[in-house]
């Protein structure tokens, strides 16, 4: 793979907590390849329609859900490294989670932890892990 792939985050709702917004901004600056699309908070079926219209033919959709697979940081970086064509699209639902349609459309299901987190914190954790994956793939000392 040449470089870090384009990554899109589809996230339902706005981040209300200032400290989380600040953390997200730090990682947005570190990840110029990242595009965050905030979708209007409504109900899972409508959110699903909004999400799926954002996914293009060559995109690889990864849905964040508690029943998803957990990876350690190195294995997550390897998953990212396989995104040679198109871009990776990560979907984070609202407090109600993602609709079955989004999960079924996804190439993979990802869990950040067996624990449950508020969706705002899940967004911050995902961005940190994306940055860590980039550091791992570039051989940076950040991961150490």
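Ranked for footprinting exposure by Cβ neighbours inside 10 Å, fewest first, 72, 59 give 72, 59. Could you work out how far helix 44-54 tilts from the main Cα principal axis of the chain, as a 0 to 90 degree angle to the nearest 10? For 44-54 against the chain, the angle is about 50 degrees. Per residue, the chain reaches -12500 deg cm²/dmol at 222 nm when only DSSP H runs of four or more residues are counted, each adding -39500 (n - 2.57).
The candidate values are (i) 10.3; (ii) 7.6; (iii) 8.1; the one derived from this structure for mean projected area of the Cα convex hull in nm² carries the label (iii).
When 82, 30, 60 are sorted by how many other C-beta atoms sit within 10 angstrom of their C-beta, beginning with the fewest, the order is 82, 30, 60.
In percent, rounded to a whole number, the relative contact order of the chain is 33, using alpha-carbon pairs under 8 Å and six or more apart. Note on residue 17 and residue 35: the extension gain reaches 4.5 nm, defined as 0.36 nm multiplied by sequence separation minus the Cα-Cα distance.
On C-alpha positions alone, give me the angle between the axis of helix 119-138 and the longest principal axis of the chain, in degrees, nearest 10. Approximately 30 degrees, to the nearest 10.
Ordering 48, 111 by the number of other Cβ atoms within 10 Å of each residue's own Cβ, fewest first, gives 111, 48.
Bear in mind that the values in this text are calculations on the coordinates, not laboratory data. What you see is a predicted model; the values in this text were computed from it and never measured. Note: ideal-geometry Cβ built from the backbone for every residue, glycine included; neighbour counts use all protein chains shown.
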